[in-house]
């Protein structure tokens, strides 16, 4: 037994039976399990405290945009009722307002469009306009429509019969054989108005209806040139022939040019038949026409767009 050190007043413990060596103090953090009768218990995990967050440099917070309330959604217009259509665009709306044969129902204008429309068509108008925001038009017009802040709800026109039309006008008659693109039909109407055509006749089932897109492409000509819808174009050709018209079908493979055919007609009235985009004239119309003629275009080009061909053909008979 070891003697106590100087200054140590604690009595020393006498040795006990089984004390072979002093107990070892476990190292900090060491894991161990006491042994029992031939069985080892798995070590109990030491309790873990909350993990300290890792320090990372954070970027400076971005400036928070100022909160703004979304503008109120424009009230949606009801779709055009059966038997009506929306005409849009300054010239198309002005021409429809000026046409006494039109039955107009509503006129929608922005603050900027009203004075612009008044320059095209001076007031007073037959319809009191409703002031609307520009976003309102997208609730009832196509997204790509060029409305210029003006839209008119109206009824389709009811043109007079062809017999009365050719009595009141000396211009040529255009017949469109299954031309289906409303922009082409509108452009043809515009050329027909520019060169004094009497009427444009389309096939009832294979032609676009009167729509805002057609009226927009016509730029007011829909109100000036009657557009008639007929079931059978071959019968219309025969009726025009009986009325004294010389009916010419435009065909890129014809031997004679349109100018050569025109030189032989003198003062005789003419009707021009134009075929569909890509397909041209159908067999029945080709066989019913009095003559076929072509436009003298460069051989490197197969054909012209039907609306361009109509403009060139009408100019040939309008130049005198």
Checklist entry - Taking 0.36 nm per residue of separation and subtracting the Cα-Cα distance, what length does fully extending residue 312 through residue 155 add? => result 53.3 nm
Checklist entry - Once Rh for segment 85-154 is found with the Kirkwood sum over Cα pairs, what is the Stokes-Einstein diffusion coefficient at 4 °C and 1.567 mPa s, in µm²/s? => result 109 µm²/s
Checklist entry - How are the Cα pair distances of segment 153-267 distributed, in percent, across 5 Å bins from 0? => result 2, 11, 20, 24, 21, 14, 6, 2, 1, 0
Next on the checklist: Order these by the 10 Å Cβ neighbour count, fewest first: 297, 87.
Outcome noted: 297, 87
Checklist outcome for this item: A student applying the Cα gyration tensor rule (rounded when a/c is under 1.5; otherwise prolate if a/b is larger than b/c, oblate if not) would label segment 176-235 oblate
Next on the checklist: Between residue 241 and residue 299, what's the calculated FRET efficiency when r is the beta-carbon distance and R0 is 45 Å? Round to 0.05.
Outcome noted: 0.85
Checklist entry - Restricting attention to the alpha-carbon atoms of segment 79-230, what are Rg (one decimal) and Dmax (integer), both in Å? => result 15.4, 46
Checklist entry - Between rounded, prolate and oblate, where does segment 212-274 land on the alpha carbon gyration tensor, with a ≥ b ≥ c its root eigenvalues, rounded for a/c under 1.5, else prolate if a/b exceeds b/c? => result prolate
Checklist outcome for this item: Here the gain from full extension of residue 120 to residue 134, 0.36 nm per residue of separation minus their alpha-carbon distance, amounts to 3.1 nm
Item to check | Sorted by Cβ neighbour density within 10 Å, fewest at the top, the residues 97, 222 | outcome: 97, 222
Next on the checklist: Shape verdict for segment 206-245, please, from the Cα gyration tensor: rounded (a/c under 1.5), prolate (a/b greater than b/c) or oblate.
Outcome noted: oblate
Checklist entry - Normalized C-alpha radius of gyration of segment 224-309, against 2.2 N^0.38 Å? => result 1.11
Checklist entry - Once label points are set 7 Å from the Cα along Cα→Cβ at both residue 265 and residue 230, what is their separation, rounded to one decimal in nm? => result 1.5 nm
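None of the figures in this text is laboratory data; all of them are computed from the coordinates on show. Bear in mind that the values here come from a model prediction, so they are computed numbers and not experimental data. Because the Cβ atoms are built from the backbone with ideal geometry, glycine has one as well, and the counts that use them run over all protein chains shown.
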